[in-house]
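The values are calculated or read from the model by the stated rules, or taken from the named source; none is laboratory data. The model shown is predicted, which means the values in this text are computed figures rather than measured ones. Using ideal geometry, Cβ is built from the backbone for each residue, glycine included, and neighbour counts are taken over all protein chains shown.
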Amino acid sequence: MSTQKTEQEKIALLQGTLDLLILRILIFGPEHGQGVARAIEEQSEGELLVDHGSLYPALQRLEERRWIEAEWGTSENNRKARFYKLTRKGKKQLLDETAKWRRTAAAIGRILGPEEG
Amino acid sequence: MWRRKRSDIDFEEEIRAHIDLETDRLINDGVNPEEARALAVRRFGNVGKARETFYESRRALWFEHLIQDVRYAVRTLFRTPAFAIVAIVTLALGIGASTAIFQVLDTVVLKPLPVRDPQRLVELQGYHNANPNGFSYPLLREMAARQTTVEGIFTSASANIREFSIAGRAPAEPVAAWLATGNYFRLIGTEAQLGRFFTEADDDTSMPAVAVISDGFWRREFGGQPDAVGQSMRINGIAATIVGVTRPEFSGDRVGTPVDFWLPISFAGQLYHPSSLTASSIWLQPMARLRSDVPLDQAQAELSLLWDQLKDFSIRFRGVTQYRLELLPAYQGLGTLRSQFSRSLWLLMGIVTLLTLLASCNLANLLLVRASARAREIGMRLAIGARRGRLIRQLLTESLVLSLFGGVLGLMLAAVTSNPLMKLVSVGENWRLSLHVDWRILGFTASLSLAVAFIFGLIPALVATRVSLNTALQAHGHSHTGTRSRSRAAKLFVVSQVALSFVLMTGALLLVRSFWNLTHQDFGLKPEGVLFVELEGDGTNFRVLLDTEVRQAIYRRINEIPGVVSGAVIGVGILGRWSSVGESSVALPERVVPGVKIVPVSPRYLETMDIPVLRGRSITEDDRRNGTRVAVINQSAARLIFGSDDPIGRTFASGTVFPSNFMFEVVGVMKDHRFGSPREPFGPLVYVPVVQMPAGGPPRLVLRTSTDPMQFVQPLQQGIREVAPSLKIGHVSLVRDLVRNAARQERLLAWLSGAFGALAVLLASIGLYGVVAYSTQRRTQEIGIRLTLGARIGQIRRSVLQDTLSTVIIGVVAGLAATVIMSRYVQSVLFELTANDPLTIAATSCLMLVVGIFAGYLPARRASRVDPVVALRYE
């Protein structure tokens with residue numbers, strides 16, 4: 001478990017980016033809250049820490065904006081869970097936000113300059 | 001915020017599911033099962049916080065936003081107090097007037113009787129052929145005993161009081177007594193506040209007399225003391241014991257009619273006439289309470305059949321082939337009060353509704369202007385990420401706060417004005433109606449305020465939030481953002497205002513002219529300077545009131561009074577004061593002519609009222625009791641009865657049989673003149689000598705005098721006392737005032753609609769001025785440029801005026817269309833005037849144009865005085 005980092009080392013998610021990441025994870029298909037959190041952690045190779053306590057309000061918010069929709073279902077290990085699915089509106093939002101984020105990240109990257117040693 | 005709420009339990013469950021899943025994963029990763037759960041919970045973080053955030057988003061948020069919005073709205077309004085005050089007062093006037101009129105309308109016209117299940121009450125209306133016919137008491141009893149389809153049949157009727165005392169003392173006010181069947185209170189569905197009501201046992205004439213008193217009477221005469229029950233009253237020589245008091249809201253089945261107490265109907269024989277309870281007296285208008293398990297048509301079928309079978313319990317009229325009975329809805333009680341006033345009240349309701357709408361348009365314009373002043377603020381808020389829907393909600397909240405303040409103030413205004421309004425409506429009527437603010441009124445005011453807020457708030461909110469961010473943020477002070485849609489919306493509201501005020505003003509002018517027509521018509525007689533006097537008995541001798549010899553003596557005596565030019569006696573009332581006379585038939589050898597009014601008058605009646613005799617002669621003192629019966633007929637009667645033949649010298653019989661014992665020879669033809677209410681058409685009218693025909697009612701006198709008629713009341717009283725000591729003078733008025741009084745509803749409508757119409761025009765002109773002034777101000781720069789380029793001042797003025805007038809003309813055209821559509825609602829109350837009267841419409845159009853010129857002139861003048869240098873530096 002070499003990639004496993006301690007909780008302190010992980011980067012707390014920037015406000016607002018969590019929404020984007022949730023949308024991104026859901027593009028692969030319906031997933032429940034715990035699955036989303038776990039996917040973010042795994043896909044970021046353990047760099048990003050999802051505060052589970054703020055995950056659900058975020059899901060709530062996205063649902064309210066009609067970017068995602070939810071439905072109770074059964075998990076792979078036969079547990080009851082609430083599955084979230086991307087809506088058409090959500091997909092569009094994901095594309096927009098992704099483009100924006102890339103530009104922002106590139107811009108910040110230019111400002112910060114080349115990576116040091 | 002209207003979406004289906006996700007439940008708390010659902011959310012809790014999701015958290016629990018998460019922790020279960022996380023525990024599974026940790027175990028999978030190799031964590032010891034006991035620790036796994038604790039770790040999962042810890043990793044979830046603060047469950048409480050998540051829950052809190054959830055609640056906020058789900059439930060409290062919209063509410064919190066509302067509170068935020070309301071606080072923000074109140075703050076904003078406080079910052080511009082002048083605007084807030086103007087808006088709130090405008091709204092309060094509109095809402096207050098609407099509420100006051102609605103309250104009167106509701107009380108007089110709409111409210112059901114305050115009894116249990118009023119919807120199940122019906123009125124029994126019997127017919128002989130097509131003629132409505134009432135019930136005799138035996139018929140009522142028999143039908144009630146035989147029927148099986150209704151809960152019961154009951155009735156009440158007013159009683160005549162000649163003599164009355166409570167425990168030996170006289171009452172504080174004249175009393176109104178009613179008779180009721182023993183089942184009356186039980187079936188109408190009301191309970192006693194104190195004591196008991198009648199029972200079926202009280203229908204037995206051998207029972208001692210009892211009385212149920214109304215709450216008002218109880219408070220007035222007994223100070224609301226419970227010991228009223230058991231006390232004794234004397235009514236026309238009968239001693240009745242008070243057994244019960246009704247609830248305050250119950251006042252019998254005829255809304256508005258005063259009731260002080262009820263006696264069992266079994267005493268009618270003693271109170272009225274011994275024959276009252278026999279089959280020959282048809283005087284009752286019964287009601288029934290439907291059974292919940294029997295449909296209306298089944299009850300109607302049975303009762304109609306009984307009405308036919310029981311015809312022997314009534315007077316048999318000749319030629320009746322069909323006996324039919326209808327059950328009419330009676331949830332609002334019986335009586336004519338409601339139908340009589342409903343038209344005027346509905347009309348007033350319509351007028352104030354339009355006025356309120358107009359006030360809303362005015363406010364909408366104010367809000368539009370404000371919105372342009374706030375364009376920067378709104379642009380800023382949109383720029384930092386506020387959603388448009390949220391901003392619209394916020395602006396609507398401001399409108400709502402305004403209209404709620406307006407509504408509360410309006411409600412207070414209505415509380416102050418509704419009682420005087422009620423008095424105004426009921427002038428000359430003996431009503432006892434009290435106005436209460438109940439949930440119906442509150443509901444009306446609340447929904448009106450809400451509706452108004454949306455009408456004046458929504459469009460400005462939509463327009464205000466359609467702001468282009470860049471321009472809104474760049475422009476300093478004045479911005480041009482959204483001006484196109486804003487000025488289009490402003491124009492729309494101004495056009496609506498002009499149209500609405502056009503409708504209201506046209507309506508007002510129509511009602512005023514109709515009132516004028518009614519009171520200034522050619523009555524066919526001269527009402528000026530004529531005194532009208534009603535005589536009444538002192539209760540000791542009824543015969544004197546109806547005696548033809550006494551009338552003759554009175555006639556002679558009043559003409560001896562010095563200063564009396566001419567005096568006459570008439571057996572019925574005139575010009576709307578107890579002047580409805582039943583129509584009878586007259587028979588000729590070859591045919592029967594129905595629809596003629598026959599009225600007994602003394603000699604000199606025509607002379608006193610100045611009714612011209614066109615042919616033949618008038619009724620004179622030579623027409624004696626046993627002489628040839630004579631008649632003077634009006635032009636309409638001559639036409640109807642005799643066609644183009646010369647009526648003088650012709651003979652007819654009153655009634656349907658010729659010849660009969662009542663034969664009259666036509667000796668004169670008089671001009672058509674108003675006899676009954678001034679609205680009634682000139683009908684066929686026949687005057688016969690008062691000595692030759694038994695009269696229906698107590699005598700009335702008319703006197704034409706050489707000086708002020710009112711001075712003659714005293715000598716008249718003395719003269720009457722000499723010839724008939726038991727008669728005295730009752731009501732006294734000038735004939736002129738009878739006419740005025742008969743037109744009081746029309747006067748009320750004319751005054752109120754006139755006032756509302758003027759207010760409407762004022763509001764519309766303010767609105768027009770505001771919009772023109774504002775748009776001119778916005779054009780300052782353009783005008784400056786045009787002046788610099790050599791435009792003449794006159795051209796500038798003309799262009800502003802043209803702009804204004806085109807708006808007015810569009811409004812007038814729209815108003816004209818609306819007037820034509822609405823005219824049918826007004827037509828029925830108009831007297832000798834069509835609702836599309838061209839003169840009235842032309843007058844209103846001119847008025848609106850003049851208003852438009854005035855509203856446009858001031859801004860036009862100001863525009864032409866623009867200093868080009870200042871104007872160009874304006875932005």
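Some observations on this one:
- Of all residues in the stretch B:139-164, those that are assigned by TED's automatic domain parsing to the domain that holds residue B:258 and of a type in the set (A, V, I, L, M) have Cβ atoms under 7 Å from Cβ atoms of residues that are part of a strand (DSSP E or B) and modelled with pLDDT under 90, 6 or more apart or on another chain, in B:140/B:284; B:157/B:284; B:159/B:177; B:161/B:177; B:161/B:235.
- In the set (1) surrounded by 20 or more Cβ atoms within 10 Å (Cβ to Cβ); (2) in contact with a strand residue (DSSP E or B) (Cβ under 9 Å, 6 or more places away or on another chain); (3) at pLDDT below 75, residue B:537 fails one condition alone, (1).
- Residue A:71, sole failed condition from (1) surrounded by 14 or more Cβ atoms within 10 Å (Cβ to Cβ); (2) not in a helix (DSSP H, G or I): (1)
- When residues of the stretch B:416-458 are limited to those that are out of contact with any helix residue (DSSP H, G or I) (no Cβ under 7 Å at 6 or more places or on another chain) and hydroxyl-bearing (Ser, Thr, Tyr), the one surrounded by the most Cβ atoms within 10 Å (Cβ to Cβ): B:426
- One residue from B:711, B:717, B:692 being more than 28 Å from residue B:596 (Cβ to Cβ), of a type in the set (S, T, N, Q) and touching a Ser or Thr at 6+ places or on another chain (Cβ under 9 Å): B:711
- Taken as a whole, the condition of being surrounded by 14 or more Cβ atoms within 10 Å (Cβ to Cβ) and either over 41 Å from the mean Cα position of the chain (by Cα) or not charged (D, E, K, R) (or both) does not apply to residue B:817.
- Exclusive hit being of a type outside the set (Phe, Trp, Tyr), touching a Cys at 6+ places or on another chain (Cβ under 8 Å) and at pLDDT below 85, set B:790, B:794, B:767, B:784: B:767
- Residue within the stretch B:38-56 that is of a type in the set (Ser, Thr, Tyr), at pLDDT 75 or above and either out of contact with any Gly (no Cβ under 7 Å at 6 or more places or on another chain) or not in a loop (DSSP other than H, G, I, E, B) (or both) present: no
- Top-ranked residue of the stretch B:2-37 - restricted to ones that are of a type in the set (A, V, I, L, M) and part of a helix (DSSP H, G or I), ranked as modelled with the lowest pLDDT: B:9
- Exactly one residue out of B:611, B:648 is touching a residue at least 40 places away in the same chain (Cβ under 8 Å) and either of a type outside the set (Asp, Glu) or buried (at least 18 other Cβ atoms within 10 Å of the Cβ) (or both), and it is B:611.
- In the stretch B:138-188, the residues that are hydroxyl-bearing (Ser, Thr, Tyr) and surrounded by fewer than 17 Cβ atoms within 10 Å (Cβ to Cβ): B:148, B:158, B:165
- Residue within the stretch A:64-79 that is at the interface with another protein chain (Cβ under 8 Å from one of its Cβ atoms) and aromatic (Phe, Trp, Tyr) present: no
- Filter result for residue A:46 (at pLDDT below 85 and facing chain B (nearest Cβ under 10 Å)): no
- Of all the listed residues (B:197, B:222), the sole one being more than 13 Å from residue B:267 (Cβ to Cβ) and out of contact with any strand residue (DSSP E or B) (no Cβ under 6 Å at 6 or more places or on another chain) is B:222.
- Of the candidates B:395, B:348, B:391, B:367, the single residue that is surrounded by fewer than 22 Cβ atoms within 10 Å (Cβ to Cβ) and not in a loop (DSSP other than H, G, I, E, B) is B:391.
The rows are residues; the columns are (1) surrounded by 17 or more Cβ atoms within 10 Å (Cβ to Cβ); (2) farther than 30 Å from residue B:492 by Cβ.
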residue	(1), (2)
B:715	no, yes
B:736	yes, yes
B:767	yes, no
B:772	yes, no
B:776	yes, no
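- Unique residue being within 19 Å of the chain's Cα centre (by Cα) and outside any helix (DSSP H, G or I) when the list is B:440, B:432: B:432
- The residue of the stretch B:194-206 that is farthest from residue B:114 (Cα to Cα), among those that are out of contact with any Pro (no Cβ under 7 Å at 6 or more places or on another chain) and touching a residue at least 12 places away in the same chain (Cβ under 8 Å), is B:205.
- Subset tally (residues that are part of a loop (DSSP other than H, G, I, E, B) and under 17 Å from residue A:90 (Cβ atoms)) for the stretch A:43-65: 1
- Of all the residues in the stretch A:80-92, those that are surrounded by 11 or more Cβ atoms within 10 Å (Cβ to Cβ) and more than 14 Å from every other protein chain (Cβ to nearest Cβ) number 7.
- Residue within the stretch B:825-847 that is part of a helix (DSSP H, G or I), of a type in the set (A, V, I, L, M, F, W, C) and more than 30 Å from residue B:523 (Cβ to Cβ) present: yes
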